[in-house]
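Novice: Have a look at this one.
Derivation of every value follows stated rules applied to the coordinates shown; laboratory data play no part. Remember, it's a predicted structure, so these values are computed and weren't measured experimentally. So basically every Cβ, Gly included, is an ideal-geometry build from the backbone, and we count neighbours across all protein chains shown.
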């Protein structure tokens with residue numbers, strides 16, 4: 001969509017055309033704009049490592065660490081997009097993800113408990129995601145007219161309300177037992193919940209979500225959303241529909257959370273009220289903050305750290321002490337880095353560049369997050 005069409009869709013008045021100035025004598029015209037390739041060598045190296053990961057990792061690390069981190073990272077990416085690019089912190093992203101998982105279990109033919117309709121996966125999965133996106137849009141419509149702590153409290157109340165609805169409803173959600181044995185289908189002779197196939201499935205959707213967000217942030221919609229994050233009153237004065245942009249951002253974030261929710265449900269093989277409880281609502285926020293809210297890759301970085309702590313902290317501490325460990329890590333990150341682990345990396349890169357006598361990275365790039 002062109003910028004002119006987008007301004008028309010969002011009730012933005014196009015600026016009046018200004019006649020170009022005649023070139024002054026003796027002044028050379030500016031050089032033509034060259035295409036800047038966003039792909040760097042480090043991107044190729046990281047992608048190669050991700051693709052080759054299952055071939056040198058054990059099935060435990062492939063499935064339990066890699067696939068789980070990618071699925072959780074995709075859900076956290078929805079919060080990173082809302083918070084980092086739109087300035088809206090929502091605690092209902094795991095609610096949207098859990099709703100997508102519940103809908104797939106209810107409509108599909110894989111679940112063994114609850115109100116199962118037995119529809120084919122190619123119908124159940126898209127329909128479940130559409131319902132989750134509609135719910136996310138409704139949540140956004142309710143919460144975008146508030147800011148700060150009020151947005152957090154509204155989304156938290158919605159998340160807690162859905163949790164108790166799932167616990168108390170047996171006809172649809174099967175109560176506290178939830179839906180059991182919700183597995184992905186077998187296609188082309190491949191069982192997609194096996195460690196290696198499921199890892200590549202989550203990797204494909206995680207890359208698609210990441211690239212989509214990176215592209216969206218460079219479109220007129222993404223640029224306007226970042227402007228609304230910084231100064232909504234000024235953007236409104238310029239003619240942008242602030243409410244429409246924010247609700248649209250919730251819909252986009254809902255789509256990301258829905259995909260992650262389906263993958264996370266397939267990873268666990270079930271969906272229960274515990275999957276959408278207060279603990280997981282907070283865990284998604286912790287994952288996003290750990291990695292860094294200002295760049296989409298921070299969601300996946302935080303998910304890796306969270307999953308590693310979740311699996312190996314019990315080797316040092318008791319299982320019941322995991323919340324204490326993750327809480328201490330969270331406090332350290334928040335107190336000493338304003339942008340999570342990516343903030344630490346950016347500060348370290350700037351310090352090393354200064355010591356070498358070069359221009360600090362942050363000053364040279366003009367951005368406050370690592371690319």
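Novice: Expressed in nm², what is the orientationally averaged projection area of the convex hull enclosing the Cα positions of segment 57-321?
Specialist: Seen from a random direction, the Cα hull of segment 57-321 projects 14.2 nm² on average.
Novice: Continuing with this model, one more query. What does the extension gain come out to for residue 122 and residue 44, with contour length at 0.36 nm per residue minus their alpha carbon separation?
Specialist: Taking residue 122 through residue 44 to full extension adds about 24.8 nm, to one decimal.
Novice: Cα atoms only, segment 143-208: Rg and Dmax in Å?
Specialist: Spelled out, the Cα radius of gyration and Dmax of segment 143-208 are 18.2, 50 Å.
Novice: Still on this model: Just need the relative contact order of segment 57-321 here, percent rounded to a whole number, with Cα pairs under 8 Å and 6+ apart.
Specialist: Once normalised by length, the contact order is 38 percent.
Novice: Please give the contour-minus-distance gain from residue 329 to residue 236: 0.36 nm per residue of separation, less the Cα-Cα distance, rounded to one decimal in nm.
Specialist: Once the chain is fully extended between residue 329 and residue 236, it gains 29.6 nm.
Novice: Then there's this: Quick check on packing: order 69-75, 168-174 by the mean number of other C-beta atoms within 10 Å, highest mean leading.
Specialist: Packing proxy ranking, top to bottom: 69-75, 168-174.
Novice: Then there's this: Which whole number in µm²/s is D for segment 220-350 by Stokes-Einstein, with the Kirkwood Rh taken over Cα pairs at 10 °C and 1.306 mPa s?
Specialist: 93 µm²/s
Novice: Fewest to most neighbouring Cβ within 10 Å: what's the order for 282, 139?
Specialist: 282, 139
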